[in-house]
Amino acid sequence: MTQRGVKKKLTGIVVGNKSEKTAAVLVGRLKKHKIYKKYVRRQTKYLVHDPQNKCLVGDTVRIIETRPISKKKRWQVLEILERSVIDETNEDNNSSMEQPS
């Protein structure tokens with residue numbers, strides 16, 4: 001089977017994973033302002049297919065363009081580049097805050 005074209009790949013941070021097999025990924029980019037010629041930060045949030053539900057909030061992931069999976073999902077998780085350290089610290093804080101009965 002032949003490949004139709006080159007699929008886009010982006011890198012972003014997971015900001016939500018409450019839906020089943022879906023993660024919300026925030027991708028940032030720099031865009032040059034037409035008049036002022038200054039670079040402005042722009043962000044786009046993509047709904048991404050995560051078949052194994054492996055993504056956690058705060059993870060850095062690489063996503064790839066794919067066929068439409070649902071109304072808003074056109075991207076899929078390719079790999080998890082870096083795990084978040086936020087979840088590990090929250091678990092430690094919660095266990096230390098518990099008081100013995």
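Of all residues being in a loop (DSSP other than H, G, I, E, B) and more than 22 Å from V6 (Cβ to Cβ) in segment 66-87, which is modelled with the lowest pLDDT? Just the residue, please.
At the first step, the residues of segment 66-87 found to be in a loop (DSSP other than H, G, I, E, B) are 66-72, 83-85.
If we keep only those that are more than 22 Å from V6 (Cβ to Cβ) too, we end up with 70-72, 83-85.
Values: S70: 96, K71: 96, K72: 96, R83: 94, S84: 88, V85: 85.
Looking at the filtered set, the residue picked out is V85.
What's the total number of residues in segment 2-20 that are within 19 Å of G58 (Cβ to Cβ) and either surrounded by fewer than 12 Cβ atoms within 10 Å (Cβ to Cβ) or touching a residue at least 40 places away in the same chain (Cβ under 8 Å) (or both)?
Going through segment 2-20, the residues within 19 Å of G58 (Cβ to Cβ) turn out to be 10-19.
If we keep only those that are either surrounded by fewer than 12 Cβ atoms within 10 Å (Cβ to Cβ) or touching a residue at least 40 places away in the same chain (Cβ under 8 Å) (or both) as well, we get 10-18.
Adding up the residues that qualify gives 9.
The values are calculated or read from the model by the stated rules, or taken from the named source; none is laboratory data. On a predicted model such as this, the values are computed, not experimentally measured, just so you know. Using ideal geometry, Cβ is built from the backbone for each residue, glycine included, and neighbour counts are taken over all protein chains shown.
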